[in-house]
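Following: one structure in structure tokens, then a few remarks.
The values are calculated or read from the model by the stated rules, or taken from the named source; none is laboratory data. Just so we're clear, the structure is a prediction, and the values are computed from it rather than from any experiment. Neighbour counts are summed over all protein chains in view; Cβ atoms, including those assigned to glycine, are modelled from backbone coordinates with ideal geometry.
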Amino acid sequence: MWDEADGKIGRGGRADVGDDLSMASPQDADTVQSREDLVRYVKSLHQELINGADWENPTLDRYLEALAAWMDSSPGFYRNMGQPEPVDATWSFVAHALGAATIYE
């Protein structure tokens, strides 16, 4: 779960790639620029979930449904954010999709 006081996610798991698991908010997806960054981002999402975060889609079936829906409608997300839609998927795009699926309806 996100801790506003220190900007970190509660830790309980093993971190193989880097030590900082502080990126979990969908806004942090913009910082994902490499495979290692994406690994940290996914691990932080996992930590957030197991620490009791209130996700809109906390089960795998709902999460995957939301993931597919967000990816399908992602051109609108980029348009609304005033950003160009990625032509090829980037690490950041994958991170946006994974993070958005936690809340997308």
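What are the residues in region 63-105 that are crowded, with 16+ Cβ neighbours inside 10 Å and not small (Gly, Ala, Ser), if any?
Tyr63, Leu67, Trp70, Met71, Phe77, Trp91, Phe93, Val94, His96, Leu98, Thr102, Tyr104
Is it true that Leu98 is of a type in the set (A, V, I, L, M) and within 17 Å of Asp30 (Cβ to Cβ)?
Considered against the rule, which asks whether it is of a type in the set (A, V, I, L, M) and within 17 Å of Asp30 (Cβ to Cβ), Leu98 comes out as yes.
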**Prompt:** When region 62-105 is examined, which residues are found to be in contact with a helix residue (DSSP H, G or I) (Cβ under 9 Å, 6 or more places away or on another chain) and among the charged types (D, E, K, R)?
**Reply:** Glu85, Glu105
**Message:** Go through region 78-94 and report how many residues are closer than 14 Å to Ala29 by Cα, at pLDDT 85 or above and not hydroxyl-bearing (Ser, Thr, Tyr).
**Reply:** 3
**Request:** Identify all residues within region 32-61 that are in contact with a helix residue (DSSP H, G or I) (Cβ under 7 Å, 6 or more places away or on another chain) and buried (at least 16 other Cβ atoms within 10 Å of the Cβ); write none if there are none.
**Result:** Val32, Asp37, Leu38, Tyr41, Val42, Leu45, Trp55, Asn57
**Request:** Would you check if there is a residue in region 66-77 being modelled with pLDDT of 90 or more, at negative phi, not hydroxyl-bearing (Ser, Thr, Tyr) and not in a helix (DSSP H, G or I)?
**Result:** no
**Fill in**
Of the residues in region 78-105, those that are part of a helix (DSSP H, G or I) and over 12 Å from the mean Cα position of the chain (by Cα) number 3
**Prompt:** Can you name every residue in region 14-55 that is modelled with pLDDT of 85 or more and in a loop (DSSP other than H, G, I, E, B)?
**Reply:** Val32, Gln33, Ser34, Asn51, Gly52, Ala53, Asp54, Trp55
